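Student: The structure's right below; bear with me while I get my questions together.
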Amino acid sequence: MYLWNRQRPSTMPSYRYRPAHERVEVPLAGERAWPANRITQAPLWVPVDLRDGNQALAEPMDPARKRTMFDLLVRMGFKEIEVGYPSSSQLDFDFVRELAAPGALPEDVTPVVFTAARQDLIERTFAAIAGMPRAVVHLYTATAPTWREIVLGHGRDELRALIRAAAERIARLAEGRPDVRFEFSPEVFNLTEPDYALEVCNDLTALWDASPDRPVIHNLPATVEVATPNVYADQIEYMHRHLDRRDAVILSVHPHNDRGTGVACAELAVLAGAQRVEGCLFGNGERTGNVDLVTLALNLHTQGVDPMIDFSDLDGIRRTVEHCNRLPVHDRHPYAGDLVHTAFSGTHQDAIGKGLAHHAERAAELGVPPERAPWEVPYLPIDPADVGRGYQAVIRVNSQSGKGGIAYLLRSRYGLELPRRLQIDFAAVVQRATDGSGEEITAEELWELFHAAYVAPGEAGTFAEWTTAQAGPGTHTFTGTLRSGRRLHGTGNGPLSALTAALAADGLDVEILGYAEHALGAEAGSEAVAYVEARTGGVTRWGVARDTSVLTASVHAVLSAVNRALTPDDPTPDDQAAVGEAPGGQAPGGETPDGEAVRGLGLLTAGPRSGA
């Protein structure tokens with residue numbers, strides 16, 4: 001122990017665990033080549049959100065969410081998508097059958113279906129893909145000693161025979177279908193003896209008669225991370241060097257994230273010879289998750305390598321994934337989090353401001369638009385514009401800049417829990433109010449600014465009167481009379497969707513992008529506050545309202561956002577509003593209190609009309 005290190009032993013029973021070098025055999029020793037390699041092109045990305053990611057959800061996706069996720073993956077440019085485990089549930093089976101319908105699959109997209117090495121499950125899997133124009137059948141079996149002995153109760157030879165019998169059944173069922181290819185995963189590969197994993201994989205390569213025009217996929221999962229990423233890379237390079245018919249085998253990896261190094265494992269595996277990577281958008285998966293394809297792909301982007309997937313609307317991608325998974329993406333998530341392009345430190349703010357100015361000057365000197373100029377801005381590894389973000393949120397006022405913290409003051413003094421993107425929006429209002437004076441702004445002054453900007457526009461009395469009613473299960477109506485005397489009526493799956501329908505019927509296009517609400521006190525009869533982010537006629541604005549009725553507050557918040565969008569001299573700049581186009585502060589699961597999905601509220605197409 002060094003004299004400068006004063007740490008002392010903990011009470012943790014670390015002696016119970018075997019170190020990785022006693023559990024994992026690495027046959028390469030000093031022969032490895034991967035440390036000197038570079039990644040110069042993207043691997044084949046295979047999202048497993050619809051199968052592996054879906055199995056990890058407390059509430060698996062319903063058919064509508066599965067279809068929404070599939071359509072998103074197709075739009076992003078994924079060409080091989082694991083669509084389900086059809087023998088595991090009727091829902092998965094039916095979803096695969098939907099994709100087997102004529103015209104359901106894009107011509108360049110290949111679905112992957114997953115099955116265990118059991119005859120009945122394999123037959124059910126082939127029933128699911130009957131009539132599908134192309135497919136990959138993915139067979140898996142755990143091969144690591146602990147799994148063989150404790151879970152399966154088989155020795156090496158017995159398990160190898162079981163795998164071979166399952167692979168033979170798959171080959172027979174695929175006879176006459178050259179459009180069906182094969183994939184095998186020795187589950188827990190990273191804890192399997194290298195010679196045994198190689199033996200089993202080479203056996204199936206020969207059995208399935210792999211060829212360059214019909215290659216076999218050998219997918220090598222780090223099912224449970226147990227070692228540093230370099231160990232996994234050594235294991236992958238060993239397989240890369242010794243697999244039979246190497247030009248007829250696609251070497252695939254499927255890292256998990258138990259040690260928090262799933263991304264590093266995948267990157268080093270590609271250096272070591274992997275050609276294909278399975279993972280999930282934003283890393284959803286069992287325990288700590290599958291490897292995060294968003295982070296992996298955008299890591300390549302920052303190195304000048306085309307990821308071959310479109311992330312230009314990253315906020316839209318995140319909204320959809322949050323809706324489908326009913327899980328939030330963390331504010332600090334690489335590339336996609338609300339705060340990853342934001343500086344709170346004054347020194348960071350200064351460096352970023354100077355860097356952005358220098359970038360604009362350099363683009364002008366080169367005679368190219370800023371979005372085409374080489375990117376070198378301090379603290380920003382990626383240009384936010386590349387993923388559809390604006391610059392207004394990059395430099396923010398908070399406690400570290402000496403202003404006391406806008407969100408903190410409103411929360412501590414007035415009980416307001418502002419959604420993250422509303423904090424960004426309001427920060428711009430505060431900055432304009434304090435420009436030139438440099439004086440500290442008080443909590444009372446903050447509230448006055450906030451009320452004038454977001455609450456007052458909804459108190460103007462757009463409607464002389466209005467009512468909502470539930471017309472039936474999942475059906476609500478909204479009826480209101482404008483100050484002008486004009487009557488509006490709309491129907492929707494909740495009160496707010498009925499309100500937007502009523503406005504649409506009057507020619508006003510309103511789409512609710514985000515919603516949040518909370519009580520302002522614990523006692524009965526306390527006021528509630530509602531926050532709404534809405535797009536009206538192409539202009540995005542926030543509205544806020546308070547009332548003892550959550551419904552009343554919600555309606556007034558919508559009207560505030562609409563009135564602000566229709567006010568030509570509203571102080572919020574359009575570029576600032578664009579920062580918040582991904583909805584913030586949704587209720588759990590991405591749904592409003594009305595029970596309607598936020599993404600399902602914006603159904604209007606007509607332009608705005610004066611008098612609303």
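The values are calculated or read from the model by the stated rules, or taken from the named source; none is laboratory data. On a predicted model such as this, the values are computed, not experimentally measured, just so you know. Note: ideal-geometry Cβ built from the backbone for every residue, glycine included; neighbour counts use all protein chains shown. Remember, those area values only see protein heavy atoms, side chains included, never the ligands or the DNA or RNA. Shrake-Rupley method; radii C 1.70, N 1.55, O 1.52, S 1.80 Å.
Student: Please specify each residue of region 1-26 satisfying the condition of being open to solvent by less than 100 Å² (accessible area, probe 1.4 Å), hydroxyl-bearing (S, T, Y) and in a loop (DSSP other than H, G, I, E, B).
Tutor: S10
Student: Still on this structure, I have one more. So if I check each of G279, G262, which one is more than 21 Å from W34 (Cα to Cα), among the small types (G, A, S) and open to solvent by less than 10 Å² (accessible area, probe 1.4 Å)?
Tutor: G279
Student: Oh, and also: Does region 119-136 contain at least one residue that is within 27 Å of the chain's Cα centre (by Cα) and either modelled with pLDDT of 95 or more or surrounded by fewer than 22 Cβ atoms within 10 Å (Cβ to Cβ) (or both)?
Tutor: Checked against the condition, which is being within 27 Å of the chain's Cα centre (by Cα) and either modelled with pLDDT of 95 or more or surrounded by fewer than 22 Cβ atoms within 10 Å (Cβ to Cβ) (or both), region 119-136 yields at least one hit.
Student: Can you give me the number of residues within region 149-171 that are part of a helix (DSSP H, G or I), free of Cβ contacts under 8 Å to residues at least 12 places away in the same chain and over 22 Å from S88 (Cα atoms)?
Tutor: 5
Student: So, in region 541-560, how many residues would count as being closer than 17 Å to R421 by Cβ and either basic (K, R) or open to solvent by 10 Å² or more (accessible area, probe 1.4 Å) (or both)?
Tutor: Result for region 541-560: 1.
Student: For the structure I just gave you, tell me whether V48 is of a type in the set (V, I, T), open to solvent by less than 80 Å² (accessible area, probe 1.4 Å) and touching a helix residue (DSSP H, G or I) at 6+ places or on another chain (Cβ under 8 Å).
Tutor: no
Student: A further question follows. For region 233-255, indicate whether the set of residues that are under 26 Å from F182 (Cβ atoms), hydroxyl-bearing (S, T, Y) and open to solvent by 10 Å² or more (accessible area, probe 1.4 Å) is non-empty.
Tutor: yes
Student: Still on this structure, please answer the following. Name the residues in region 202-232 that are under 19 Å from A266 (Cβ atoms), open to solvent by 30 Å² or more (accessible area, probe 1.4 Å) and in contact with a strand residue (DSSP E or B) (Cβ under 7 Å, 6 or more places away or on another chain), would you?
Tutor: Matches in region 202-232: V224 only.
Student: On the given criteria, is P86 modelled with pLDDT of 95 or more, part of a strand (DSSP E or B) and open to solvent by less than 20 Å² (accessible area, probe 1.4 Å)?
Tutor: no
Student: Return the residue satisfying two criteria in turn: it lies in region 283-313 and is in a loop (DSSP other than H, G, I, E, B) and open to solvent by less than 30 Å² (accessible area, probe 1.4 Å), and of such residues it is nearest to H254 (Cα to Cα).
Tutor: V291
Student: Kindly indicate whether any position in region 55-67 is of a type outside the set (A, V, I, L, M), part of a helix (DSSP H, G or I) and under 17 Å from V291 (Cβ atoms).
Tutor: yes
Student: I've got another one for you. Tally the residues that are assigned to a loop (DSSP other than H, G, I, E, B) and of a type in the set (S, T, Y), restricting the search to region 458-508.
Tutor: 2
Student: Name the one entry in E183, E199 that is part of a strand (DSSP E or B) and either open to solvent by 10 Å² or more (accessible area, probe 1.4 Å) or in contact with a His (Cβ under 9 Å, 6 or more places away or on another chain) (or both).
Tutor: When all the criteria are applied, what remains is E183.
Student: Among L271, L298, which is out of contact with any Lys or Arg (no Cβ under 8 Å at 6 or more places or on another chain) and either without any contact (Cβ under 8 Å) to a residue 40 or more places away in the chain or hydrophobic (A, V, I, L, M, F, W, C) (or both)?
Tutor: Only one candidate passes the filter, namely L298.
Student: Just to check your reading of the model, which residue among A363, A357 is of a type in the set (A, V, I, L, M), in a helix (DSSP H, G or I) and open to solvent by 20 Å² or more (accessible area, probe 1.4 Å)?
Tutor: When all the criteria are applied, what remains is A357.
Student: Could you check how many residues of region 507-525 are in contact with a Leu (Cβ under 8 Å, 6 or more places away or on another chain) and open to solvent by less than 10 Å² (accessible area, probe 1.4 Å)?
Tutor: 4
Student: Specify the residue that is most open to solvent (accessible area, probe 1.4 Å); the eligible residues are those in region 59-77 that are out of contact with any Leu (no Cβ under 9 Å at 6 or more places or on another chain) and in contact (Cβ under 8 Å) with a residue 40 or more places away in the chain.
Tutor: Ranking the qualifying residues of region 59-77, first place goes to R75.
Student: Checking the conditions here, which among T146, T115, T110 is in contact with a helix residue (DSSP H, G or I) (Cβ under 8 Å, 6 or more places away or on another chain), modelled with pLDDT of 95 or more and either under 21 Å from P86 (Cα atoms) or not aliphatic (A, V, I, L, M) (or both)?
Tutor: After applying the criteria, what remains is T115.
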